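The values are calculated or read from the model by the stated rules, or taken from the named source; none is laboratory data. Remember, predicted model here, so these are calculated numbers, not experimental data. Cβ coordinates were reconstructed from backbone atoms using ideal geometry, including for glycine residues, and neighbour counts include every protein chain displayed.
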Amino acid sequence: MKKLDYAITFACYNQVKYTKQCIDSLIKHGVDLSRVVVVDNNSTDSTREYLETLPLGGKIFNKTNLGCGIAWNQGALALQAEWTIVMNNDILVSKNWIENLIHAAERNNVKMISPAMIEGDLDYDFEEFVSETGRKMTGTVRPDGWHAVCVAIHDSVWQEIGYFQPVPLLLGYEDTLFWHEVLNAKISCAFTGDSWIHHYGSMTQKLMRQERGLSQKSDLPNHRFCLKYLRMNWLARKLHRMKKNKREKEQCTKEIREHGMSIFGTRVNGKFLWR
């Protein structure tokens, strides 16, 4: 089997606690840190000092918070590979997650692929879950989707549609814009049950809402501003989301019927809620 040609990149803005847990998880599961590029968006906590201690493949320190889109582009360009894994800094990975993720992409002939995921509090044994319960989803593929929490992107995608929108005011909307470019170009993508991550739940976005005095249910970006980049009016956007939500619900129902669980779960009050 050929040696995997991959790079990993993520952006961070404060939240050093989660960055440390993410790096520790990568190391624990055999990731070579020389394949990792971290982009810091002007953190004011001890994030930069921590990153300076690591033998990373790249460390980029921005003078201001340029947003995740620009940071992802910086990381992807700093260390180019056949597969670039773009992810959040508030996740934990599991055994053989990279190998399983990329092999699933190659086996299913897709150019973008995201792992199965549990979101929420880590009040359960994640690794035991993956080795026991998570195995039920091995071989399961949910087509026509991906999530920016963690996604492996083949280098042919960059060549075809370019990179993420480099606009700081998008405030996390960059993945939605990129998703529409993927759709328009008919690029094959999928979720796989072969690889699992735990996601604490957009901790940087929560911090940015707090800094701006917004409720945690509020959207960070201005929707009119973002819709301009989508080249889509609010009605078309609403209909698209309704269609997407219906498809995901049908896929979830099918997975639960076949496996007793689905590719996505949320941890609530000590229980898994599948979606």
*Pick from the stretch 234-256 the residues that are surrounded by 12 or more Cβ atoms within 10 Å (Cβ to Cβ) and of a type in the set (S, T, N, Q): which of them is farthest from V141 (Cα to Cα)?*
T253
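Looking at K20, is it basic (K, R), part of a helix (DSSP H, G or I) and either touching a residue at least 40 places away in the same chain (Cβ under 8 Å) or over 23 Å from P166 (Cα atoms) (or both)?
Answer is yes for this residue.
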_Test: R237 is more than 30 Å from Y18 (Cα to Cα), of a type in the set (K, R) and modelled with pLDDT under 95_ = yes
*What residue, among those in the stretch 1-29 that are modelled with pLDDT under 95 and either small (G, A, S) or within 15 Å of A81 (Cβ to Cβ) (or both), is surrounded by the most Cβ atoms within 10 Å (Cβ to Cβ)?*
L4
*Go through (1) part of a helix (DSSP H, G or I); (2) over 25 Å from R275 (Cα atoms); (3) of a type in the set (V, I, T) one by one and return the number of the condition I98 breaks.*
(2)
*the stretch 254-275 - residue that is in a strand (DSSP E or B) and either over 14 Å from W196 (Cα atoms) or touching a Ser or Thr at 6+ places or on another chain (Cβ under 6 Å) (or both) and, of those, modelled with the lowest pLDDT*: V268
*asked:* Just to be sure I understand the filter: pairs with C-beta atoms under 8 Å, separated by 6 or more residues or on different chains, first member in the stretch 140-159 and polar (S, T, N, Q), second member in a loop (DSSP other than H, G, I, E, B). Which pairs pass?
replied: T140/I263; S156/K111
*Find all pairs meeting these conditions: Cβ atoms under 7 angstrom apart; at least six residues apart or on different chains; first residue within the stretch 229-250 and in contact (Cβ under 8 Å) with a residue 40 or more places away in the chain; second residue among the basic types (K, R) and surrounded by 14 or more Cβ atoms within 10 Å (Cβ to Cβ).*
L230/R237
*Quick one: would you say L92 is surrounded by fewer than 18 Cβ atoms within 10 Å (Cβ to Cβ), of a type in the set (A, V, I, L, M, F, W, C) and not in a helix (DSSP H, G or I)?*
no
